[in-house]
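The values are calculated or read from the model by the stated rules, or taken from the named source; none is laboratory data. No experiment lies behind these values; they were computed from the predicted model shown. Cβ: placed from backbone, ideal geometry, glycine included. Neighbour counts: every protein chain shown. The protein model used for the area step is the full one, side chains on, heavy atoms only, and it has no ligands, DNA or RNA in it. Shrake-Rupley method; radii C 1.70, N 1.55, O 1.52, S 1.80 Å.
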Amino acid sequence: MPEAKAADGSLIQRAVETAYAKVNLSLDVLDVRPDGFHNLRSVMQTVSLCDSLTFSLDNVDPSPKSPGLPDYSLIDRSIQLVRETVGSQESVTYSLIKRIPIGAGLGGGSSDAAAALRGVSRLLGADLSFPTLLELSERLGSDVPFFIRGGTALVEGRGERILSLPPAPTRWFVLVNGGVPVSTARVFTELKDEDRGDGRSTHRVVESLKSGLVEVGSNDLWPAAARVCPEIERLHEVFAAKVPSGRVMLSGSGGTLFAIFDSKQEAMAVEAELDGIVPWVYVAQSVDPMELEPTRR
Ligand code: C5P
């Protein structure tokens, strides 16, 4: 196994990773694939809401994983995948500070998995290439490939075809969640043929990005998500009433709703109005991880 060395030649014993959440500026569901998954077309954007992960070689004081948090199996599988790929016998442990709500359509679990691939690759001194990380990420879940780099991207296929777009101009996002986790698999099961779109919504969002505008399109999963979790519609009503444009979007398979603002002040004013009347509200800004962390390939 190659030894991980820091710039000063010392051995790296920890790798710290930031796992950003995403929102879907648009989400078109096109058709059902032979493998049972759906072909999607979506514009995804990473935002500053994030989990923090630290990966360590097992002989370095592992902080205990916080009790009461769900299912770490995707992170464990990511670690195992990197170990197998690089042929490492090292045992790797990690700690996680979880801030992204679970089952919320914000990609938290997928982003944690991508962070594990990046972090463990560095920790073991393998520095796997971007194409290799992408290939490994596809085996972990449909949203994981996007999070290897994050930023602003057109995502197609099952989620594995990523076309990075120029970073969108900075915007502020008010995120609202009803506190009820929503199962992505259940939402896809509830999807009806008439819910599916033709991809034009995503096309329009890509075109407006080219003109420097950050706009939302539509989300074909919304009707199915609302069938699974009726609370989404109640939340939408409360939220949209506080947003001057009335434009509120569902992220992924829900249940997080979001609205976009040009300034932090506008976003904070809406957050203040919602505070105490919705279970969870958060102000995030769009982020391009490649600018914040040049080491991220
Ligand atoms: O890939 P991931 O585990 O995130 O997907 C969760 C579920 O969502 C899958 O089991 C599948 O039912 C559905 N899905 C889909 N088409 C996609 C992505 C997810 O049908 N492109």
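Take Glu215 and tell me if it is among the charged types (D, E, K, R) and in contact (Cβ under 8 Å) with a residue 60 or more places away in the chain.
Details: among the charged types (D, E, K, R): yes; in contact (Cβ under 8 Å) with a residue 60 or more places away in the chain: yes.
It is true that Glu215 is among the charged types (D, E, K, R) and in contact (Cβ under 8 Å) with a residue 60 or more places away in the chain.
Inside region 165-205, can you point out the residues that are open to solvent by 20 Å² or more (accessible area, probe 1.4 Å) and assigned to a helix (DSSP H, G or I)?
Thr184, Ala185, Arg186, Phe188, Thr189, Glu190, Asp193, Glu194, Asp195, Arg200, His203, Arg204
Suppose we keep only residues that are away from the ligand (no atom under 13 Å from the Cβ) and open to solvent by less than 10 Å² (accessible area, probe 1.4 Å) within region 18-33. Which one would you say is nearest to Ala113 (Cα to Cα)?
Filtering region 18-33 for residues away from the ligand (no atom under 13 Å from the Cβ) gives 18-21, 23, 25-26.
Adding the requirement that they be open to solvent by less than 10 Å² (accessible area, probe 1.4 Å) leaves 19, 21, 23, 25-26.
Numbers: Ala19: 9, Ala21: 12, Val23: 17, Leu25: 22, Ser26: 23 Å.
Per the criteria, the residue is Ala19.
Yes or no: Gly178 closer than 20 Å to Ala226 by Cα and either touching a Cys at 6+ places or on another chain (Cβ under 9 Å) or more than 16 Å from the ligand (Cβ to nearest atom) (or both)?
Values: closer than 20 Å to Ala226 by Cα: yes; either touching a Cys at 6+ places or on another chain (Cβ under 9 Å) or more than 16 Å from the ligand (Cβ to nearest atom) (or both): yes.
Yes; evaluated as a whole, the condition is true for this residue.
Restricted to region 106-151, and to residues that are in contact (Cβ under 8 Å) with a residue 40 or more places away in the chain, farther than 25 Å from Ser253 by Cβ and of a type in the set (Gly, Ala, Ser), which residue is surrounded by the most Cβ atoms within 10 Å (Cβ to Cβ)?
Among those residues, the one meeting the criterion is Gly119.
Give the residue, chosen from Phe239, Phe261, that is within 27 Å of Leu191 (Cα to Cα) and either surrounded by 17 or more Cβ atoms within 10 Å (Cβ to Cβ) or of a type in the set (Val, Ile, Thr) (or both). Full working, then the answer.
Working: Phe261 fails: within 27 Å of Leu191 (Cα to Cα).
Criteria check complete, one pass: Phe239.
Cβ-Cβ distance below 8 Å, separation of 6 or more or different chains: which pairs start in region 153-181 with a residue that is without any contact (Cβ under 8 Å) to a residue 24 or more places away in the chain and end on one that is of a type in the set (Gly, Ala, Ser)?
Correct list of pairs: Leu163/Ala153; Ser164/Gly151; Ser164/Ala153.
Name the residue that is nearest to the ligand (Cβ to nearest atom), counting only residues in region 34-51 that are open to solvent by 30 Å² or more (accessible area, probe 1.4 Å) and over 19 Å from Ser253 (Cα atoms).
Asp35
Just checking, does region 257-280 include any residue being of a type in the set (Asp, Glu), part of a loop (DSSP other than H, G, I, E, B) and either at pLDDT 95 or above or over 17 Å from Gly217 (Cβ atoms) (or both)?
Going residue by residue through region 257-280, those that are of a type in the set (Asp, Glu) are 262, 266, 271, 273, 275.
Now narrow it down to the ones that are part of a loop (DSSP other than H, G, I, E, B): 262.
Those still in the list that are either at pLDDT 95 or above or over 17 Å from Gly217 (Cβ atoms) (or both) too: 262.
Yes, region 257-280 has at least one match.
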